[in-house]
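The values are calculated or read from the model by the stated rules, or taken from the named source; none is laboratory data. Remember, it's a predicted structure, so these values are computed and weren't measured experimentally. Because the Cβ atoms are built from the backbone with ideal geometry, glycine has one as well, and the counts that use them run over all protein chains shown.
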Amino acid sequence: MTKPPVHPPTRPTPRRRTPRNTLNRERVLDAAVSLLDHEGPDAFTMRALAERLGVGTMAVYTHFTGKDEIIDAVRERLLAEIALPAAEHAEHAGHPGHPGHPEHPGPAEPRRAVRALCRSVYRLLADHPSVLHLLTRGPVRGDEGTAVVDRLLGLLLRSGMDRSAAARAETALMQYTVGAALWTASGRRRGLAHQNGGERLRTRFAGLPADRFPHLVDLAPELASAQDGLRQYEHGLDALLDGLLGAG
């Protein structure tokens, strides 16, 4: 009786290692952002980060003292991606008599800047939803996040709003922007951002019992078309700005 051939044991594929002397702070931060985006904050550990980089854990400690320092650096880097409009002396622009205060304030120019700033915040949060979690971990060392709110308030004051209205408007705009970004990020995780995502949603709505959900069934194509991320966000943002600042 012929014995079956004996195969040598299969060795695990060795982890691809990063070439020596090529690791630096920027590469560590690149990998940290990628890990947070794809695995979420709960999966962020020094070991997981080192594995993503293809190095030993101690190699990461050569560039950062620990996880908290990396988190701080990631927050600063991502918040710095938000495009801020020119300050225009925003801290005084809302007060009559100051050179930056328009005697006859027209909302068109501040409105464009408010819109651009909100879009920038939305895109950051939609692309990096873990930013919100990182912001709740503790105070941010840099001023990037605070500067966003301050600049938005200045623009609203320049549009002619009083102090109370500007505060209410800033809160409403940030609440809408954060919620819309998280909605978009959630849709991406569920596959609704892909080309067939809208079709899947349309099929789901169209398959509901028409006697119980007549409007969802009837508007299934339109509802599916409205799940298009940035365009839908801009539609809602423009409607909100129309109510706060008037049609631009």
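Going through (1) exposed (fewer than 13 other Cβ atoms within 10 Å of the Cβ); (2) modelled with pLDDT of 90 or more one by one, ASP218 falls short only on (1).
Kindly indicate whether any position in the stretch 40-56 is over 21 Å from VAL131 (Cα atoms) and at pLDDT below 85. Scanning the stretch 40-56, I find no residue that is over 21 Å from VAL131 (Cα atoms) and at pLDDT below 85, so the answer is no. Quick check on the stretch 197-209. Is at least one of its residues assigned by TED's automatic domain parsing to the domain that holds LEU134, surrounded by 17 or more Cβ atoms within 10 Å (Cβ to Cβ), in contact with a Lys or Arg (Cβ under 9 Å, 6 or more places away or on another chain) and at pLDDT below 95? No, that holds for no residue. Exactly one residue out of ALA108, ALA147 is at pLDDT below 95, among the aliphatic types (A, V, I, L, M) and farther than 17 Å from ILE82 by Cα: that is ALA108.
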